[in-house]
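The structure appears right after this line, and notes come after that.
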Amino acid sequence: MPRIAVGLEYHGANYAGWQLQQGLRTLQGVLQEAIGQVAAEPIHLACAGRTDAGVHAAGQVAHFDTAAIRTARGWTLGANTHLPPDVSLSWAQQVPEHFHARHSAQARAYRYLIANRPARSALAAGRATLIHAPLDAERMAQAAALLIGEHDFSAFRAAECQARTPVRRLETLEVDRRGDWLLISATANAFLHHMVRNIAGLLICVGQGKASPDWASEVLESRDRTRGAATAPADGLYLWGVRYPAVFDLPAHAPASCWAMIPGLPDFTSPTGSSHVVV
């Protein structure tokens with residue numbers, strides 16, 4: 001039976017996360033219903049990363065099996081016809097039967113967007129986390145550097161995390177400031193439940209001067225979630241992209257365009273800016 005991979009974008013504010021939940025509106029639910037209408041049969045979606053309630057995606061990837069034969073354009077435009085405005089397919093492609101959106105992934109990338117100014121942003125409401133107190137991006141970058149590498153991230157996992165091991169390889173963790181905006185970018189082979197939001201919470205505390213950058217190492221080495229900072233809000237978090245082996249030849253995705261939804265937001269893809277702190 002043919003297997004189809006799809007690229008997904010969504011604004012997560014109106015959903016109880018990715019996974020199907022009885023009586024709740026979820027992304028898996030609305031997507032399976034929309035794609036099922038195009039396939040003219042029920043389908044089951046498996047995704048690269050199950051995002052929580054309120055979390056967004058610019059480059060989520062999922063797959064499904066179906067006996068239906070449609071063109072890539074037919075899957076994409078057909079599904080988007082049945083989807084609400086805050087969810088869309090960006091591409092669709094047939095893949096080998098051994099492809100799996102989660103198990104075949106080599107790495108995931110997340111970005112966490114912060115509006116750092118006294119007044120809230122009406123245009124960024126639900127799309128960025130507002131922090132009133134000034135944040136020191138240099139201190140945040142120093143703390144971030146201490147978390148890079150392969151570690152036991154027990155101190156950054158949610159109590160309900162079901163991962164078999166807390167060990168993850170954090171490839172990059174960057175802090176980039178542009179005027180009133182800060183962007184935390186993280187890439188790892190995989191992430192634990194709430195891992196990115198817990199890291200963001202710690203970096204925010206360090207940026208506010210509530211703790212020294214070395215605190216990141218202390219929390220990491222403790223392997224104790226109660227030693228860390230509060231979990232950062234979901235509204236600033238984006239599943240930015242998923243990396244797969246080149247053999248699958250999945251479509252290139254340029255999710256940077258999703259920032260256009262916030263007028264006035266600086267171009268974080270450009271190397272210039274008021275401050276650019278990358279570790």
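Provide, for q = 0.12, 0.13, 0.14 Å⁻¹, the log10 of I(q)/I(0) from a solvent-free Debye sum over equal Cα point scatterers in the chain.
Per q value, in the given order, log10 I(q)/I(0) is -0.75, -0.87, -1.00.
Taking the inverse of the average 1/r across all pairs of different Cα atoms in segment 3-103, what Kirkwood radius in Å do you get?
By the Kirkwood definition, the hydrodynamic radius is 13.3 Å.
Taking the Cα centre of the chain as the origin and placing charges on Cβ (Lys, Arg +1; Asp, Glu -1), which of 250, 162, 59 is farthest toward the positive end of the dipole?
About the Cα centre, the residue reaching furthest to the positive side is 162.
Say a site is exposed when it is one of the GluC sites (Glu not before Pro), sits in a DSSP loop, and has at most 15 other Cβ atoms within 10 Å; what is then the longest site-free stretch of the chain?
Numbers: sites that count: 97, 160.
Value returned for the longest uninterrupted segment is 161-279.
For residue 226 and residue 249 in the same chain, what is the full-extension length gain: residue separation times 0.36 nm, less their Cα-Cα distance, in nm?
That pair, residue 226 and residue 249, stretches by 4.0 nm at full extension.
Quick one: net charge around residue 48, please, counting Lys, Arg +1 and Asp, Glu -1 for every other residue with C-beta under 10 Å from its C-beta. All intermediate terms of the calculation are to be shown ahead of the outcome.
On the way: positive: 50, 102, 108, 243; negative: none.
Summing Lys and Arg as +1 and Asp and Glu as -1 gives +4.
Taking amide hydrogens as modeled 1.01 Å from N in the peptide plane, which residues meet the under 5 Å criterion relative to residue 223, leaving out close sequence neighbours?
Close amide H contacts, sequence-distant or interchain: 155.
Placing unit charges on C-beta atoms (Lys and Arg positive, Asp and Glu negative, everything else neutral), compute the dipole magnitude of segment 86-187 about its Cα centre in debye, rounded to 20.
So the dipole magnitude of segment 86-187 works out to roughly 180 debye.
Treating only the Cβ of Lys, Arg, Asp and Glu as charged (+1, +1, -1, -1), what charge dipole size does the chain show about its Cα centre? Round to the nearest 20 debye.
The dipole of the chain has a size of about 200 debye.
Using the Cα centre of segment 3-103 as the reference point, and only Cβ charges (+1 on K/R, -1 on D/E), how large is the resulting charge dipole? Debye, rounded to the nearest 20.
About 80 debye.
What's the longest piece of the chain with no exposed trypsin sites (Lys or Arg not before Pro), counting a site as exposed if DSSP puts it in a loop and it has at most 14 other beta carbons within 10 Å?
Numbers: sites that count: 25, 120, 164, 210.
Between exposed loop sites, the widest span is 26-119.
Which net charge results for the neighbourhood of residue 33, defined as the other residues with beta-carbon distances under 13 angstrom from its beta-carbon, given Lys and Arg at +1 and Asp and Glu at -1?
0
Mean separation of Cα pairs under 8 Å and 6+ residues apart, divided by the residue count of the chain: what relative contact order is that in percent?
23
For Cα pairs less than 8 Å apart in space and 6+ apart in sequence, what is the mean separation divided by the residue count of segment 136-219, i.e. the relative contact order in percent?
Working: 136 pairs, mean separation 33.2, N = 84.
Once normalised by length, the contact order is 40 percent.
State, as an integer percentage, the relative contact order of segment 87-149 based on alpha-carbon contacts under 8 Å between residues 6 or more apart.
Answer for segment 87-149 is 23 percent.
Of the beta bridges DSSP finds with both residues in the chain, what % are antiparallel, to the nearest 5?
Numbers: 44 of 49 bridges.
Approximately 90 percent, going by the DSSP bridge assignments.
When only alpha-carbon atoms are used, what values of Rg and Dmax, in angstrom, describe segment 161-226?
Final numbers for Rg and Dmax: 12.8, 41 Å.
From largest to smallest, what semi-axes in whole angstrom does segment 107-245 give when each is the square root of 5 times an eigenvalue of its alpha carbon gyration tensor?
Semi-axes (√(5λ), whole Å): 23, 17, 14.
Compute the distance in nm between two label points, each set 7 Å from the Cα along the Cα-to-Cβ direction, one at residue 158 and one at residue 20.
Taking the two extended label points, one gets 2.0 nm.
Averaged over every viewing direction, what's the projected area of the C-alpha convex hull for segment 24-82? Give it in nm², one decimal, please.
4.3
Read the figures in this text as sums done on the coordinates, not as results from a lab. All figures in this text were calculated on a predicted structure; none of them were measured in a lab. Glycine also receives a Cβ, built like all others from the backbone with ideal geometry; neighbour counts cover every protein chain displayed.
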